[in-house]
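Only one structure is covered here, and it is reproduced in the block below.
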């Protein structure tokens, strides 16, 4: 597809320089993470896109693929605070948000309530196996994600930006879990699938992790700079045809829409909502800026479309009987859009 409207010259010189800086920083970031993480290039790129687009990510992968190490390494490289929350069936909302405890004030022996912050008060939070906690605990986490604040005993406490939640789910063990409802899945910008390493990468992992030396990662960015880059991503220009494309592909995932193909009507129960359009545009902006481009392109949008749409497309029984997964449906839809 060829499109004439180039908006890259609309950026002010300061933003052009800032995007150049972001592109160089991103390359340095990937090199720095390479000291601790072997492979997983696409996962690292998707995490960075999510972070600079001010979104949250849901990570799917079997145990032992260094998901926790990856997230903690990102936090260390960006000089951000990091907390891990292990979700279990007995985890309560107060275990995440914090709670009030009675303390002596030291003035006449008076006692008063003092709020003790929970692990959600960090720049990067790893919500490990989020589907193992009951709904009320999941909702406390998701309120923090959506509102950037928590409410405890009627008092509201604001989470300091940047705030990035990375939740994980184990795709091979579902007994005793509380799957996230579709409305809560929609809060996550990306669904990122973490696969097994290649043979060569697995050998390198064994060599790197069974020795005595451990690499120390350098700090590349602080929180203030991350926020500045997040604001920069929002200013990346988007040509009109990209808005049209994002709206068109999202509306095609909905079986009740006239423009939806017949095979979508036959295999999809529910399609993506308006938030998907927002995240497609933001993801395209973020990917373009990380690659040093001054304007979002169709290539950027197509590259992140599967991560944005897969967990928002709910298949029906007919699709399951045919072996059609949400990912296969989204990939086929992207291919058909490309051929139009």
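A short reminder: the numbers here are calculations on the coordinates, not readings from a lab. As the structure is a prediction and not an experimental result, all values here were calculated from the model. As a convention, Cβ positions derive from the backbone with ideal geometry for all residues, glycine included, and neighbour counts pool all protein chains shown.
Brief remarks on what is shown
- Those residues of the stretch 256-293 whose amide nitrogen sits under 11 Å from the label point placed on residue 185, 7 Å along Cα→Cβ: 269-272
- Helix 135-147 axis, angle to the chain major axis (alpha carbon atoms, nearest 10°): 70
- Cα shape, the stretch 185-340, gyration tensor, a/c 1.5 rule: oblate
- Isotropic mean projected area of the C-alpha convex hull, the stretch 91-248 (nm²): 16.6
- Each of 291, 207, 234 was scored by other Cβ atoms within 10 Å of its Cβ. Listed from fewest to most, they are 207, 234, 291.
- In a fully extended conformation the segment linking residue 257 and residue 110 would gain 46.5 nm over its present Cα-Cα distance, using 0.36 nm per residue.
- Helix 199-209 axis, angle to the chain major axis (alpha carbon atoms, nearest 10°): 20
- In nm, spacing of pseudo-spin labels at residue 147 and residue 99 (7 Å Cα→C-beta vector): 2.0
- Residue 158-residue 42 FRET efficiency (beta carbon distance; Förster radius 56 Å; 0.05 resolution): 0.95
- 0 to 90° range, to nearest 10: angle between helix 240-252 axis and the chain longest Cα axis: 80
- Two-site label geometry, residue 207 and residue 135: point separation in nm, points 7 Å out along Cα→Cβ: 5.2
- Value of [θ]222 nm, deg cm²/dmol, for the chain, DSSP H segments ≥ 4, -39500 (n - 2.57) each, nearest 500: -14000 deg cm²/dmol
- Available extension along the chain between residue 335 and residue 241 is 32.1 nm, counting 0.36 nm per residue and deducting the alpha carbon span.
- The slack between residue 231 and residue 198, meaning 0.36 nm per residue of separation minus the straight C-alpha distance, is 8.2 nm.
- Ranked by the mean number of other Cβ atoms within 10 Å of their residues, highest first, the peptides 248-257, 70-79 come out as 70-79, 248-257.
- In terms of packing, defined here as the mean over residues of other Cβ atoms within 10 angstrom, the peptides 119-130, 46-57 line up highest first as 46-57, 119-130.
- Kirkwood analysis of the stretch 207-250, using all unique Cα-Cα pairs, places the hydrodynamic radius at 14.9 Å.
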